[in-house]
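Any read-out appearing in this document is the output of simple, stated calculations on the displayed coordinates, not a laboratory observation. Note that the structure is predicted; figures quoted are calculated from it, not measured. As a convention, Cβ positions derive from the backbone with ideal geometry for all residues, glycine included, and neighbour counts pool all protein chains shown.
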Amino acid sequence: MANILKIVQAGHPVLRQKARPLTVDELRGAEISRLIDEMRETMRDAPGVGLAAPQIGLPIQLVVIEDRPEYIDRGDPDEMKARERTTVPFQVLANPRLTVVDRSPVELFEGCLSFADFVMVVPRVHAVKVEALDHRGVPVTLSAHGWPARILQHEIDHLRGVLCVDRMHSRTLTTVRNQARHWGEQGVPEVLTAVGTTDDIDGVLLS
Ligand code: CO
């Protein structure tokens, strides 16, 4: 059984670094193969639907994603449908390049294993295409829309030192517990209206 790795939390400098690409030789080597196994088990243990190498302290362009049927079955079916959350088979993506396919904005609560216990509303685009290398160094192309497209955008951001908090509606930041307690029944547009905007804090910042 692979080791469970320590996931670094917000504030660790590695989360703000630009990750370096991997060579095909590195990808096929024993060291990265073992790391991939460890990242898969760490993601499953968390549990999470994606993990980027900077989150375990390594500034390399390597991501694992997986959204298992049992995770989706555990949720409310209407909510899963509204989020366009569908199964994502386990996949390794090295040196990924993301292209926007449908730039319609989608605003949903999301979290990050490096911001344990927090969620926030993050606008993402609806559909993307990702070109990358798989675990054998073979080029792969993934097309995704809805929640799987969100996972890809979130994880690939990590490789550029970009975090969900850089894109979030800052006033929606909440603990998971408070999200369920206070905002779970409401749609995101209602949440955004209820928390208000940051327009009126400029005066405070300037004074
Ligand atoms: Co994350």
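Worth pointing out:
- Residue within segment 106-114 that is exposed (fewer than 15 other Cβ atoms within 10 Å of the Cβ), more than 15 Å from the ligand (Cβ to nearest atom) and assigned to a strand (DSSP E or B) present: no
- Scanning segment 1-42 for residues that are within 18 Å of the chain's Cα centre (by Cα), in a loop (DSSP other than H, G, I, E, B) and in contact (Cβ under 8 Å) with a residue 60 or more places away in the chain gives ILE7, VAL8, GLN9, ALA10, HIS12, GLN17, LYS18, ALA19.
- Top-ranked residue in segment 151-200 [being within 16 Å of the ligand (Cβ to nearest atom) and free of Cβ contacts under 8 Å to residues at least 40 places away in the same chain; ranked as surrounded by the most Cβ atoms within 10 Å (Cβ to Cβ)]: ASP157
- For segment 115-148, filtering for residues that are away from the ligand (no atom under 16 Å from the Cβ) and at positive phi leaves 2.
- Residues that are touching an Asp or Glu at 6+ places or on another chain (Cβ under 9 Å) and part of a helix (DSSP H, G or I) do occur in segment 56-63, at least one of them.
- Residue in segment 66-84 that is farther than 27 Å from ASN178 by Cα, part of a strand (DSSP E or B) and either more than 16 Å from the ligand (Cβ to nearest atom) or in contact (Cβ under 8 Å) with a residue 60 or more places away in the chain (or both) present: no
- Flag: THR99 does not match the condition of being of a type in the set (Ser, Thr, Tyr), more than 14 Å from the chain's Cα centre (by Cα) and outside any strand (DSSP E or B).
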